[in-house]
Amino acid sequence: MAVDVYAADEQEERAVDLDRWAGLARSVLEDRRVPGEVEVSLLFVDEPSIAALNEQFLGRKGPTDVLAFPIEDEPLPAGRSPDSGGIGPGADAEVEPLTLLGDVVICPAVAARNAMEHGVTMDDELALLVVHGLLHLLGMDHETDQEAEAMEHLERELLARHHEGGGSP
């Protein structure tokens, strides 16, 4: 399994260590044993950008801390382009399909306010948001109390294993 995490910082309010958060995302996805080649994007944006996405896609006004945009399609078929008629001569017959999980969009400015409110460090809050967004991409949700409890439990486990701040947020 290979995990590719693309991280971009599209805001200027807070310094973001892209390598650190991409590494956390990679560790979490490897821990969850997502099969095949996996690709995900982490985007750090400002409040106006996340507010626009929040309204456009969820119909909610104002900025939020994290949004996840899973890609709903089936994995891309293995094979040659353009006809996908086979792997071609000399190619490895064990080609794993590419799984495009989607995008996790995080607003560091909102995360900073949440960290102060929750009495945690900014790093702990960002770690929680990265893990939370990834779990959404993997199909978890928190619409019911039971779903929320299961998701929060797994977040704590993953943070304890993969984030130096542990499962405190």
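For the stretch 113-169, filtering for residues that are under 21 Å from E39 (Cα atoms), surrounded by fewer than 13 Cβ atoms within 10 Å (Cβ to Cβ) and without any contact (Cβ under 8 Å) to a residue 40 or more places away in the chain leaves 1. Take H132 and decide whether it is modelled with pLDDT of 85 or more, closer than 20 Å to S49 by Cα and not β-branched (V, I, T). Considered against the rule, which asks whether it is modelled with pLDDT of 85 or more, closer than 20 Å to S49 by Cα and not β-branched (V, I, T), H132 comes out as yes.
When D4, D73, D83 are screened for being modelled with pLDDT under 95, surrounded by fewer than 20 Cβ atoms within 10 Å (Cβ to Cβ) and not in a loop (DSSP other than H, G, I, E, B), only D4 passes.
Being at positive phi and within 16 Å of the chain's Cα centre (by Cα) is the requirement here; does R33 meet it? When the stated conditions are applied, R33 passes them.
Among the residues of the stretch 17-62, which ones are in a helix (DSSP H, G or I) and touching a Ser or Thr at 6+ places or on another chain (Cβ under 7 Å)?
Within the stretch 17-62, I50, N54 meet the criteria.
Per-residue answers, yes or no, for (1) of a type in the set (G, A, S); (2) surrounded by 14 or more Cβ atoms within 10 Å (Cβ to Cβ); (3) free of Cβ contacts under 8 Å to residues at least 40 places away in the same chain:
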residue: E12; (1), (2), (3): no, no, yes
residue: G23; (1), (2), (3): yes, yes, yes
residue: V28; (1), (2), (3): no, yes, no
residue: S49; (1), (2), (3): yes, yes, no
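The values are calculated or read from the model by the stated rules, or taken from the named source; none is laboratory data. All values derive from a computational prediction rather than experimental measurement. Positions of Cβ are generated from backbone atoms using ideal geometry, with glycine treated the same way; all protein chains shown enter the neighbour counts.
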